[in-house]
Amino acid sequence: MKKEMRLYKTCLLLVLVTGFRCNKKFDEPPAYVGPDIQANLSIRDLRAMHFTGAAEKIDMDYVIEGIVTANDKEDNLYKTIVLEDSTAGISIRLEGFGLYNDYPVGRKLAVKLKELWLGDYARMIQLGGTVDRTDPSVPQLVPLPAPLFERHLVKKSLNNPVTAKQVRIDELHDSLQSRLIVLDNVEFSVSDTGTTYADAINKLSDNKIIKSCNGNSAYIRTSGFAGFAAAKTPRGNGRITAIYSVFRTDKQLLLRDTSDVQLNGLRCTGSGTKLLLYEDFEGTVQHTPFSRNGWKNLTETGSVYFMAKNSLGNSYAEISAFATMQPTIISWLISPAINVNNSANEVLSFFTKDGFDNGGVLQVFASTNYDGGNTPSKAKWVLLKSIVSKGSVSSIASGWVASGNISLSGFQGMVYIAFRYDAADPATVHDKRTTTFQLDNVKIEGN
């Protein structure tokens, strides 16, 4: 203390006499990573202490350590975080909300086990604060109270890698409880596709069946309080990442978020690719408005139609505002209704050419509430991202331009596809937008 006072007086004197400032340089403290507490028990050995239907108090100074793989961020895991080490996983019941703020996915966490309890809920092993024995035959694990979090939970480093264990449905067993797993080549059952994960209105949980290509199945269990309860299940096949759980003999998967559901492939239960729509414009009457059963060739503004044309033996539809003398032109070519409820991973494709491009526009849209009538503007249309030929200023483009594969997997029910032409041929030269477009091989495939 005396030494510090002498240093302070010396600095003060220097400031008064010379005007120099005295600055003491302090070292920055290291980043906090939690106490240096180490595990002395594996999670697998912890789980082995439990007997199904019973409850065990831990009275030894055991410590487990692992990485948080799931939490309550989307409210699908209620008052729970999941911890995993290299041997196993364990669900930890905590009396609190917003647990993900302190225990985000990727956080390393040590748990001091003394005075905590092991229990199970319908065979799902959990760790908690105490046990409710109101019904002696069915002891109920009680979450750890919030004031005791810091006594038992030691927060360590963040952003540690989290790796899911790849398994098959037929390999799911109790040793995988509370493990983050990934299943490949799975899909929702036909009856559960395109339905909400749970009842978000009445806050009721629900099970959805997922199946592998060889017929094995499990459940996706979703809480009615989950942030994604109202989202709809996809119809394709692919990969699902989730926390493995059980309820009695049921095999259940608990999603952390819908981003863990990547079902973008063709369904294994289908019979291959289905052709839902194909229009090549062959067999049409040339130089007349295109007409085919189920298609609508409509003019909203002006009187310019998509015309049936043929060149070098190939038929197509063509539209152009050139020499029409109409100041505003909006025209529609609308497909028949396509039922996408009995297929998955629908993809739209087509080919276009443009000519004498001066600003006319051809766009493609989809709608599920178009009534099939003559006023398409009353419906809600979704603009689809596609590649349409453009930039051919002095003539018709020499080659067809492919649209690319345009996904329709986000639509349900009856879907209409519309090609909308927007152009103008007013008297003033600088306002003309009379680009010619040719359209061919409109196709929708799914499985």
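Side notes on the structure shown:
- With the simple model of a label 7 Å out from the Cα in the direction of the Cβ, N310 to M414 spans 3.3 nm.
- Quotient of the Cα radius of gyration of region 217-289 and 2.2 N^0.38 Å, N being its number of residues: 1.82.
- Full extension of the chain between N214 and R168 yields a length gain of 15.5 nm, computed as 0.36 nm times the residue separation minus the alpha carbon distance.
- Rg of the Cα atoms in region 166-309, relative to 2.2 N^0.38 Å, amounts to 1.54.
- Full-stretch length increase - A146, Y121 - with 0.36 nm per residue and alpha-carbon distance subtracted: 6.9 nm
- Nearest-ten-degree value, helix 2-18 long axis tilted from longest Cα axis of the chain: 50 degrees
- Atom-type composition of the exposed protein surface of the chain places 53 percent of the accessible area on carbon and sulfur (1.4 angstrom probe).
- Short-range pairs are left out: with C-alpha atoms under 8 Å and at least six residues apart, the relative contact order of region 152-286 is 23 percent.
- Region 359-410 and region 311-353: distance between their alpha carbon centers, rounded to Å: 7 Å
- With K and R counted +1 and D and E -1, the other residues having a Cβ less than 13 Å from that of Q166 yield a net charge of +2.
- Eligible aspartates and glutamates near K79 by straight Cα distance, threshold 14 Å, same-chain separation 8 or greater: E95, D102
- HN-Hα J in Hz across region 321-335 - Karplus 6.51, -1.76, 1.60, θ = phi - 60°, x for Gly and Pro: 8, 4, 6, 8, 6, 10, x, 9, 9, 10, 10, 10, 10, 10, 6
- Within region 334-350: backbone nitrogen closer than 17 Å to the T273 label point (7 Å, Cα to C-beta): 343-350
- Virtual paramagnetic centre 7 Å along Cα→Cβ of R133, amide N under 12 Å, in region 49-65: 55-57
- From the Kirkwood radius over Cα pairs of region 148-236, Stokes-Einstein at 10 °C and 1.306 mPa s returns a whole-number translational diffusion coefficient of 103 µm²/s.
- Lysine pairs in region 184-320 with Cα atoms under 30 Å, if 8 or more residues apart or on separate chains: 14
- For the chain, the dipole from Cβ point charges (+1 on Lys and Arg, -1 on Asp and Glu) about the Cα centre works out to 1260 debye, to the nearest 20.
- Order by protection proxy (mean Cβ within 10 Å, highest first), peptides 45-55, 192-202: 192-202, 45-55
- Expected-Rg normalisation [2.2 N^0.38 Å, Cα atoms] applied to region 75-226: 1.16
- According to the Kirkwood relation over distinct C-alpha pairs, the hydrodynamic radius of region 37-92 is 12.4 Å.
- 3J(HN,Hα) along region 278-292: 8, 10, 10, 6, 6, x, 9, 7, 5, 6, 10, x, 4, 9, 8 Hz, from the Karplus curve 6.51 cos²θ - 1.76 cosθ + 1.60 with θ = phi - 60°, whole Hz, x for Gly and Pro.
- Packing around the peptides 223-231, 36-44, taken as the average count of other Cβ atoms within 10 Å per residue, puts them in this order, highest first: 223-231, 36-44.
- Whole-number D in µm²/s for the chain (Stokes-Einstein; Kirkwood sum over Cα pairs; 37 °C, 0.692 mPa s): 121 µm²/s
- nm² value of the averaged projected area, convex hull over the Cα atoms of region 353-447: 7.7 nm²
The values are calculated or read from the model by the stated rules, or taken from the named source; none is laboratory data. What you are looking at is a predicted structure, and each value in this text was computed from that prediction instead of being measured. Cβ: placed from backbone, ideal geometry, glycine included. Neighbour counts: every protein chain shown. What goes into the accessible areas is simple: the full protein's heavy atoms, side chains included, and nothing from ligands, DNA or RNA. Shrake-Rupley method; radii C 1.70, N 1.55, O 1.52, S 1.80 Å.
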